[in-house]
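Notes follow the structure.
Every number here is computed from the coordinates shown, using simple stated rules; none is lab data. For clarity, every value in this text was computed on a predicted model and none was experimentally measured. Methodologically, a virtual Cβ is constructed for each residue, glycine included, from the backbone with ideal geometry; neighbour enumeration extends over all protein chains shown.
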Amino acid sequence: MCGIIGYIGDKQAQPILFSCLKRVEYRGYDSCGIAVSGDGIKVYKDAVRVEALVKVAPQLSGTAGIGHTRWATCGEPSQLNAHPHLDCSGNIAVVHNGVINNFQSLKQQLIGEGHQFTSETDTEVIPHLIEKYYDGNLEEAVVATLRVMDGSYAIVVVMAGESKLIAARKESPLIIGIGDRESFIASDVPAILDYTDRVIYLEDGDIGVVSRDNVRISRDGVEIDREEHKILWNVAEAQKGGYDHFMLKEIHEQPRVIRDTLVEYTQTAEPVADLERMRDEGIESMLILACGTSYHAALVGKYIIEELVRIPVRVEIASEFSYYGQTLARTLAIVITQSGETADTLKAIKRLREVGCRVAAITNVVDSSTSRIADQTIYTKAGPEISVAATKSFSAQLMVLYWLAMGYSKADARRLASMLLELRQLPSKVQRVLDSGDMILQCARYLAKFENVFFVGRGINFPVALEGALKLKEISYIHAEGYAAGELKHGPFALLDENTPVIAIVAQDSTYQAMLTNIKEVKARKSPLMVLAGEGDEAIRELADFVITVPRVDALFSPVVNVVALQLLAYYTARERGCPIDFPRNLAKSVTVE
Ligand code: AGP
């Protein structure tokens, strides 16, 4: 959703606000703005990217300020709807991430009391409410304001003449960074890593009063302590490292990510306590909930766990489960979320709680909201994922799912030993896919001229077809659909012609012959055919217009090598089409509203 920033210290705030805003821009990038407190409050904002704003912004002097990058929810992207928003006096400025459900009634009330509004946003009621309640104590005015607001929020408030910023969170992430004679407030860690690695995570309901040398946190009017954490990620991990895009860098990090996640889990013999107890509790089925790419990882997880653990696994879209989901008794619930902040997934966890289900979470962000409300958290070791299109987090999630399934597998020791061997070879096999970029680039050059594409696969590679289609959709704006190959003849065949390429994932498993039949059916309908297949598969070469070969692996691991090839295909196709790869339109890295 949106990225928010605050700074107070000895240095000029403007350049620091802009450099931090660039680091949170993946959270939303349809408009941005800053407010600097020096001689009064000066605001500069517009419906442009941060880079563009930096180029035209006047010098605003002052050593305290706030900033925002927006993903529009309420009011279209425009200069007036961009944040920060001011009160009538122009002395109070606010940035906000979240949604205020009752803003219309609050706004009508304030207009009735003489307040004038300039935007269509829900956020603008906040500075006006603070102005209404302000009686010399900014913190108290913010507390009174939050009391009448219904919704989710992470906010930062700056007021002319005040040597402090006020921060507050409810269902939207917010951290405080501790520096030397300076303090930071941000939506997440990568934003401030250039300046400090000392952070405090605010919890829902916390209010932070942040000044240059001091941070005071209170809750329900009572001062409390929050632990300070040292961030282990280094700045370089949150930078492009010489790659043109974060997405390409993160795709190329996958051999290391797979190795790190495997090392983390296969070295530690003891299983996750909870799961051990659950096995003793006679767990009879699993339920996995997630959204987007994490949902596709969950679908692959279903095949792995059903194959190895021999218990039924249900996979559901979190946003659907939140409203209708039911669970069976003796079900282990797992949620998968890279960011740990996806509102749909957080809401699904609450629903699981309501029906008395224990929840294990697989997430990539330490201390994220999900990790704080789950009963047990398993961290993927992907490092910070900046590009909106998830890539390395998907591979890391698969590694955790393989590890979980092998931990409770009913397979014999020989099978498990050969699987462990195969797992350990995956990083080098993925590296070979990365090294075959040229072949994939050729396919991308061809694909870039089409507007509609189908991805098809069977069995454990059906979810890979869904993920391939999502990646292409997200960053190249080509309308792509993932389908179970057997389903094409039940309708989508009507769309096949020479203008609608089909990308088929053909694995060397029990579905091989059926896939050959399906791609012959596709050829018969004149669709250009691109096939992802194991090395040395000559039969495929005769049928396909383009072949992307991947190293041969055990069928159960084929999604790992196949998805990397499809990530590269999407990346190169988007590059051919000149798309803004790291910041695709209308999307955001973590979706913190429903
Ligand atoms: C994937 O490339 C997208 N960014 C999106 O579908 C994402 O997977 C989804 O929003 C879920 O995010 P999460 O894993 O952080 O919960």
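Laid out as a table, the results:
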quantity: Of LYS11/LYS132; LYS449/LYS473; LYS170/LYS350; LYS350/LYS381, pairs whose Cα-Cα distance is over 21 Å; calculated: LYS11/LYS132; LYS350/LYS381
quantity: Karplus 3J(HN,Hα) series, Hz, for region 418-432 with 6.51 cos²θ - 1.76 cosθ + 1.60 (x for Gly, Pro); calculated: 5, 5, 4, 4, 4, 4, 5, 8, 4, x, 6, 6, 5, 4, 5
quantity: Given charges at beta-carbon only (K, R positive; D, E negative), |dipole| of the chain in Debye; calculated: 1180
quantity: Ratio Rg/Rh, restricted to region 13-110 and using Cα atoms, in which Rh is the Kirkwood radius; calculated: 0.97
quantity: 0 to 90° range, to nearest 10: angle between helix 103-112 axis and the chain longest Cα axis; calculated: 20
quantity: Using alpha-carbon coordinates, inclination of helix 462-476 to the longest axis of the chain, degrees; calculated: 50
quantity: Degrees, to the nearest 10: 138-148 long Cα axis against longest axis of the chain; calculated: 60
quantity: Whole-Hz couplings from phi, Karplus 6.51/-1.76/1.60, listed for region 308-319; x for Gly and Pro; calculated: 9, 9, 6, 10, x, 10, 9, 10, 10, 6, 4, 5
quantity: Derived scalar couplings ³J(HN,Hα) [region 119-135; Karplus, 6.51 cos²θ - 1.76 cosθ + 1.60; whole Hz; x for Gly, Pro]; calculated: 10, 9, 7, 6, 4, 4, 5, 5, x, 5, 5, 4, 4, 4, 8, 5, 9
quantity: Square roots of five times the Cα gyration tensor eigenvalues for region 180-231, Å; calculated: 20, 12, 9
quantity: Dipole magnitude (debye, nearest 20) for region 1-75, charges at Cβ of Lys, Arg, Asp, Glu; calculated: 120
quantity: Label-zone membership for region 192-213, site GLU227, 7 angstrom Cα→C-beta point, backbone N under 11 Å; calculated: 201
quantity: Gyration tensor verdict on region 466-594 (Cα atoms; rounded if a/c is under 1.5, prolate if a/b is larger than b/c, oblate otherwise); calculated: prolate
quantity: Unit charges at the beta carbon, dipole of the chain: most positive-side option, ALA565, ASN364, ALA298; calculated: ALA565
quantity: Positive-end residue, the chain charge dipole about Cα centroid, Cβ charges, pick of SER105, ALA35, ILE378; calculated: ILE378
quantity: Entries in LYS471/LYS520; LYS22/LYS42; LYS55/LYS392 that, when Cα-Cα distance is taken, lie over 28 Å; calculated: LYS55/LYS392
quantity: 222 nm mean residue ellipticity, helices alone, for the chain (DSSP H n ≥ 4; -39,500 (n - 2.57); rounded to 500); calculated: -11500 deg cm²/dmol
quantity: Between region 46-70 and region 498-541, the Cα center-to-center distance that results, in Å; calculated: 51
quantity: Cα convex hull of the chain - mean projected area over all directions, nm²; calculated: 27.1
quantity: Charge dipole of the chain about the Cα centre (unit charges at C-beta), most positive-ward option of PRO584, TYR44, ILE311; calculated: ILE311
